């Protein structure tokens, strides 16, 4: 129903409710007709609306499929009662957005790379035979959470050696290391996570070593670790992540471009944030996987959750 | 008189060096390279976790509005703090 009868769209309300442009005004106009009102606080929810900005139906959240289906059916009934002139408008279809409020609009950095980041609460092998075997923990934050790491053109070009030889070490810019550990080694499996403050990074190292060189390709190995904790006395920290990292980065030599950025972080996480209540007790394994995407899917172009203050994200 | 270094000296030197460097705060073990691919795959979503991505979500409300008006369809807007396609 969502795919065929509607034009489905997502929005990050933190940006959308603040933006001072035609899109923001349109959203506030629609929300103003519902229980959220159009001013002030959050406008979160599921809305059905007409292209001219009339609210058809609103639901706070969509966890109950039957209820949501009924809301959508009612919205379609209301829609179908509208005259054709309200349902199709050449004027709206060609209406220009005008000046975009750049403060609350995010697009991937020009020439940069998008790295998909998945996070999952893991469980160790139940038999206990092999402590290095992990599986998912469905229903306990075991579903994969997602985010995106943005690397600027300057960031990724710094990872490409001029004259690669096996064993050669490549220095990863400190800003990239800090960006990864502070904003992407987080537990976002139950909602918006707290990010790590600079002072909460107790240890963070990453080395990139040339492993294999051929005329067409260079393969680099990334090895690292991070200790992130809310207290300098880690044993007393109410939230922390003690992780090792391992990864493979591949470079296409003729085009001098990065074609693979597969990295895993694995370690014990503990604690929770204001919007990530319900953490598993004690320390439990949390895995983070990074992989390069080309950005052709709109979903891959969503801004990193931590980029609401973009300069602080890019230069942490 | 002869001087030699025995295993006790090495152990003492090692202990002294450890004290100078300070105790390691970390407990996590390095990731076994032989398990890297499996681990990388395990953390990624399974196909059944991505069924909701089969819906062709737009990411711009303005573009959705234009498209809806052109195609004669209503808009379904999923608005959350943290983009539904990117945060959780």
Across A:42-54, the residue-averaged tally of Cβ atoms belonging to other chains within 10 Å stands at 5
Gaussian network model of chain A, Cα springs within a sub-10 Å range: biggest mean-square fluctuation belongs to which of A:106, A:36, A:190?
-> A:36
Once both axes come from the Cα atoms, what is the angle between helix A:22-31 and the longest principal axis of chain A, in degrees from 0 to 90, rounded to 10?
-> 60 degrees
Directionally averaged projected area (convex hull, Cα atoms, segment A:113-314), nm² = 12.5 nm²
In whole angstrom, how long is each semi-axis of the equivalent ellipsoid of the protein assembly as shown, when you take the square root of 5 times every eigenvalue of its Cα gyration tensor and sort them from largest down?
-> 47, 24, 19
Once you sort the root eigenvalues of the Cα gyration tensor of segment A:152-254 as a ≥ b ≥ c, which label holds: rounded (a/c under 1.5), prolate (a/b larger than b/c) or oblate (the other case)?
-> prolate
Could you sort A:304-310, A:82-88, A:290-296 so that the peptide with the highest average Cβ count within 10 Å comes first and the rest follow in order?
-> A:304-310, A:290-296, A:82-88
Each label point is 7 Å from the Cα along the Cα-to-Cβ direction; what then is the distance between the points at residue A:268 and residue A:216, in nm?
-> 4.5 nm
Using the Kirkwood radius over Cα pairs, work out the Stokes-Einstein diffusion coefficient for segment A:13-104 at 10 °C and 1.306 mPa s, in µm²/s as a whole number.
-> 110 µm²/s
For the residues A:68, B:80, A:169, what sequence is obtained by ranking on other C-beta atoms within 10 Å, fewest first?
-> A:169, A:68, B:80
Given the options A:56, A:151, A:208, which has the most mean-square fluctuation in a GNM of chain A, springs set between C-alpha atoms less than 10 angstrom apart?
-> A:56
Taking Cα atoms, how many degrees apart are the long axis of helix A:65-80 and the longest axis of chain A, rounded to 10 and kept between 0 and 90?
-> 40 degrees
If you count, for every residue in A:260-266, the Cβ atoms of partner chains within 10 Å of its Cβ, what is the mean?
-> 4
Using a Gaussian network model of chain A with C-alpha springs under 10 Å, which one of A:108, A:285, A:65 is most mobile by mean-square fluctuation?
-> A:65
Across B:45-52, the residue-averaged tally of Cβ atoms belonging to other chains within 10 Å stands at 3
Using alpha-carbon pairs under 8 Å, 6+ residues apart, how would you state the relative contact order of chain A in percent?
-> 14 percent
Working from Cα positions, state the angle (0 to 90°, nearest 10) between the long axis of helix A:174-184 and the longest principal axis of chain A.
-> 50 degrees
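Only the coordinates and a few stated rules stand behind these numbers; no lab work does. Remember, predicted model here, so these are calculated numbers, not experimental data. Note that we place each Cβ from the backbone using ideal geometry, even for glycine, and neighbour counts take in every protein chain shown.
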